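Q: Mind looking over this structure? Questions follow.
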Amino acid sequence: MKKVVIIILSLIAFLILSFCIFYNINLRPVSNKSNEVDFMVESGSTYYNVISKLKYEGLIRNELCFKLYVKFNNVNSIEAGRYKLNTNMSVKDIANEFKKGNTYNPDAVVITFKEGKNMRNVTSVIAKYTNNTENDIYDKLKDKKYLQDLIDKYWFIDESILNDEIYYPLEGYLYPNTYEFKNKEVSVEDIFNTMLDEMDKKLSTYKTDILSSKYSTHEILTLASIVELEGAKSDDRAGVAGVFFNRLNSNQPLGSDVTTYYASKIELSERDLYQYEIESENGYNTRSNYLAGKLPIGPISNPSIESIKAVLYPEKHDYYYFISDKNGKTYFSKTYQEHLQARNDLIEAGLWYTYE
């Protein structure tokens, strides 16, 4: 009898475990790929009414598991209306959308600001997707009262952005992400404030370390913006940041090409730099001895949180040069001769990265 009981209990345990695995698997998204579905919930519908439609539209894996999820989580009401769902949403995500109610806005504008892009790109993107002109945006960046209001509002912005030599005062402060706005009539101010709010969220996690750093937030964002462009293709952003700190501490120029391009207002893929541009004494150009041991006067792109973290927590080493191949592998060198040899080796191996 004892063996029979053990077998029965084992079988029950196996069935329960199997069901739990089955249940959790079927709560996952149908696909990892994004495929938006315009989903309509009719007036008077309940969760049980829409389940078969969710399955038909390819938004859930299993009707029973969705029913159980709704039951277990005591999700009852669902608001009629139009919803924007996606095949990469889990059952929990879909239920949360229904819980929030009908938030779909056919006039909404979704704008993606990419990491490492500068203000000129941000301006063109805003002008493309909204009814604002590029001049509207540049005028807002020149509005001293607006800028002062931002300094008063956000803990991470100070008077550094008011430096007249800075090309675009909010460069580096607008967090790159995908945002949704009500419609094309959204104002430049609302767009900027939304992006600054997101930067606030990102930086607040590290606020204690930022405020205790010997570098100001403006300086941290400035170096992070360089790391974003120099190290985004790298597998070691913290190592790249470490190189720049070694150069600063040794009173050497950062020697970053991307700052020279920015100083000359030339995009990386546009053309090669001229010698006079490399040697120019400009507040951004770190190829010149003019900025030996110094950071540029401001950020040159909008960095990701990964680059900001790399600057806050750089790798400590004794390297002064780095280079990355087209696959993202980073090679560090202590001397310029070693650096040149690493570059030649990559070229010969067909691994040299070129800007597209």
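Q: Quickly run through segment 26-85 and pick out the residues that are closer than 10 Å to F98 by Cβ and among the aromatic types (F, W, Y).
A: F39, Y47, Y83, listed by residue number.
Q: Then there is this: Residues N121, N96, N74, N135: which one is at positive phi, of a type outside the set (D, E) and open to solvent by 20 Å² or more (accessible area, probe 1.4 Å)? Talk me through it step by step, then tell me what you get.
A: Values: N121 fails: at positive phi; N96 fails: at positive phi; N135 fails: at positive phi.
Only one candidate passes the filter, namely N74.
Q: Residue by residue through segment 317-348, note down the ones that are in contact (Cβ under 8 Å) with a residue 24 or more places away in the chain and loosely packed, with under 14 Cβ neighbours inside 10 Å. Walk me through it before giving the result.
A: Our first condition is that a residue be in contact (Cβ under 8 Å) with a residue 24 or more places away in the chain; within segment 317-348, this holds for 317-322, 324-330, 332.
Scanning segment 317-348 gives D318, K326, N327, G328.
Q: While we're on this one: Just the residues that are open to solvent by 80 Å² or more (accessible area, probe 1.4 Å) and over 35 Å from the mean Cα position of the chain (by Cα), please, taken from segment 49-71. So that I can check it myself, show each step before the final result.
A: Start the filter on segment 49-71 by keeping residues that are open to solvent by 80 Å² or more (accessible area, probe 1.4 Å), which leaves 49, 55-56, 61, 64, 67, 71.
The answer is N49, L64, K67, K71.
Q: Now, a different point. Taking segment 152-169 as the search range and keeping residues that are farther than 13 Å from D197 by Cα and under 23 Å from the mean Cα position of the chain (by Cα), which one is surrounded by the fewest Cβ atoms within 10 Å (Cβ to Cβ)? Walk me through how you get there before you give the answer.
A: Of the residues in segment 152-169, the ones farther than 13 Å from D197 by Cα are 152, 158-169.
Going one step further and asking which of them are under 23 Å from the mean Cα position of the chain (by Cα), we end up with 158, 161, 167-169.
Working: D158: 12, I161: 21, Y167: 17, Y168: 21, P169: 24.
If we take residues in segment 152-169 being farther than 13 Å from D197 by Cα and under 23 Å from the mean Cα position of the chain (by Cα), then D158 is surrounded by the fewest Cβ atoms within 10 Å (Cβ to Cβ).
Q: Which of the residues belonging to segment 287-316 are without any contact (Cβ under 8 Å) to a residue 60 or more places away in the chain and part of a loop (DSSP other than H, G, I, E, B)?
A: Matches in segment 287-316: R287, S288, A292, G293, K294.
Q: Please go through segment 202-217 and pick out each residue that is open to solvent by 10 Å² or more (accessible area, probe 1.4 Å) and assigned to a helix (DSSP H, G or I). Quick ask: steps written out before the conclusion?
A: Keep residues of segment 202-217 that are open to solvent by 10 Å² or more (accessible area, probe 1.4 Å), which gives 202, 204-209, 211-217.
Matches in segment 202-217: K202, S204, K207, T208, D209, L211, S212, T217.
Q: Oh, and also: How do the pairs read when you match residues in segment 69-81 that are modelled with pLDDT of 75 or more with residues anywhere that are open to solvent by 90 Å² or more (accessible area, probe 1.4 Å), using Cβ under 7 Å and keeping only pairs 6 or more apart or on different chains?
A: As it stands, the answer is V75/K99; A80/E42; A80/S43, since those pairs meet every condition given.
Q: Residue check: is E79 surrounded by fewer than 17 Cβ atoms within 10 Å (Cβ to Cβ), touching a Gly at 6+ places or on another chain (Cβ under 8 Å) and of a type in the set (D, E)? Step through it out loud before you land on a result.
A: Values: surrounded by fewer than 17 Cβ atoms within 10 Å (Cβ to Cβ): yes; touching a Gly at 6+ places or on another chain (Cβ under 8 Å): yes; of a type in the set (D, E): yes.
Considered against the rule, which asks whether it is surrounded by fewer than 17 Cβ atoms within 10 Å (Cβ to Cβ), touching a Gly at 6+ places or on another chain (Cβ under 8 Å) and of a type in the set (D, E), E79 comes out as yes.
Q: Something else about it: Out of contact with any Pro (no Cβ under 7 Å at 6 or more places or on another chain), over 19 Å from S301 (Cα atoms) and part of a helix (DSSP H, G or I): does that describe I137?
A: Numbers: out of contact with any Pro (no Cβ under 7 Å at 6 or more places or on another chain): yes; over 19 Å from S301 (Cα atoms): no; part of a helix (DSSP H, G or I): yes.
Here the answer is no, as I137 does not meet what is asked.
Q: Mind listing whichever residues of segment 234-282 are buried (at least 18 other Cβ atoms within 10 Å of the Cβ) and on the phi > 0 side of the Ramachandran plot?
A: Matches in segment 234-282: G255 only.
Q: Give segment 20-48 a look and list any residue that's in a helix (DSSP H, G or I) and modelled with pLDDT of 80 or more, or say none.
A: First pass over segment 20-48, keeping only residues in a helix (DSSP H, G or I): 20-25, 47-48.
Answer for segment 20-48, where residues must be in a helix (DSSP H, G or I) and modelled with pLDDT of 80 or more: C20, I21, F22, Y23, N24, I25.
Q: Of the conditions (1) more than 11 Å from M89 (Cβ to Cβ); (2) open to solvent by 90 Å² or more (accessible area, probe 1.4 Å), T46 satisfies every one except a single condition; which number is it?
A: Status for T46: all satisfied but (2).
The values are calculated or read from the model by the stated rules, or taken from the named source; none is laboratory data. In this text, all values refer to a predicted model and were calculated from it rather than measured experimentally. So basically every Cβ, Gly included, is an ideal-geometry build from the backbone, and we count neighbours across all protein chains shown. For the accessible areas, the whole protein counts, side chains as well, though only heavy atoms, and no ligand, DNA or RNA atoms are used. Shrake-Rupley method; radii C 1.70, N 1.55, O 1.52, S 1.80 Å.
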